[in-house]
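The values are calculated or read from the model by the stated rules, or taken from the named source; none is laboratory data. Keep in mind it's a predicted model, so treat the numbers as computed, not measured. Reconstructed Cβ throughout: ideal geometry from the backbone, glycine too, with neighbour counts over all protein chains shown. Heavy atoms of the whole protein, side chains included, go into the accessibility calculation; ligands, DNA and RNA do not. Shrake-Rupley method; radii C 1.70, N 1.55, O 1.52, S 1.80 Å.
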Amino acid sequence: SEYKAETGHDRETIALFSLTIPLSLIAGYDYGTHYANFNLQRRDDGRFEAYEGVSGSFGKAHDWSYALTASQQNPGAAYSGTLSNDGRFGSFSLTASRDEDSKRIAFSGNGSLVGTRYGLFPARSIMGASVLIEVPHAPEATPRNYSVSSRINDRLLVTGLNNYRVNDVVIDPNTVPANVMM
């Protein structure tokens, strides 16, 4: 690619080699969501930069993910690691990095808490309208057409309903024990 810049260069040429290897090729099917990553980059001024790392996901529903990387540049080296979780009540990420000049740790999270007179109900997100439903003596009661954000005792918090519309929340009768009145 060609460009004019204030640095005095008329053009810059970059060569990049990138290789991603599924670890299942080496360690078997159980490692199908884990990868080894290699990148080598050459800049126009002759500098080389190398990046190596591993990344992947794990957990029952692959709701955890990680990435570990190392890079060698002129001058110095840099290292970073990230651990993330995409869970039922929200998501979070923890990142740590280190280079020649600094060390950093960062935490980020995303989720919701709904306060009611019956307690605090955690929720992944509050999009649209929400409803608090009481189904006494049916701790496993579940709506057919919406997902339960959280439950405390006999109360269910259901989010994601349509604003300014009639929302029919139907409890699946197969999730309610016999002889329970709603």
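Overview of values
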{"item": "Within the accessible area of the chain (1.4 Å probe), percent carbon and sulfur", "result": "54 percent"}
{"item": "Rough spin-label spacing in nm, given labels placed 7 Å along Cα→Cβ, for Leu16 and Tyr164", "result": "4.5 nm"}
{"item": "Simple spin-label estimate for Arg117 and Asn153 in nanometres, 7 Å along Cα-Cβ", "result": "1.3 nm"}
{"item": "Residue order for Glu100, Glu49, Glu134 - accessible surface, 1.4 angstrom probe, largest first", "result": "Glu100, Glu134, Glu49"}
{"item": "Segment Ala27-Ile126, extension gain: residue separation times 0.36 nm, minus the distance between their alpha carbons", "result": "31.5 nm"}
{"item": "Per-pair calculated FRET efficiency, R0 = 45 Å: Asn110 and Phe48 via Cβ, rounded to 0.05", "result": "0.75"}
{"item": "Charge context of Asp63, other residues only, Cβ under 11 angstrom, K/R +1, D/E -1", "result": "+1"}
{"item": "Sequence ranges 23-35, 140-152, 63-75, ranked by mean other-Cβ count within 10 angstrom, highest first", "result": "140-152, 63-75, 23-35"}
{"item": "Relative contact order (%) - the chain, alpha-carbon pairs under 8 angstrom, separation at least six", "result": "10 percent"}
{"item": "Length released on extending from Asn37 to Trp64, taking residue separation times 0.36 nm less the Cα-Cα span", "result": "7.9 nm"}
{"item": "Whole-Å semi-axes of the ellipsoid equivalent to the chain (Cα gyration tensor, √5λ, descending)", "result": "50, 20, 16"}
{"item": "Helical contribution to [θ] at 222 nm, DSSP H n ≥ 4, -39,500 (n - 2.57), averaged over the chain, rounded to 500", "result": "-500 deg cm²/dmol"}
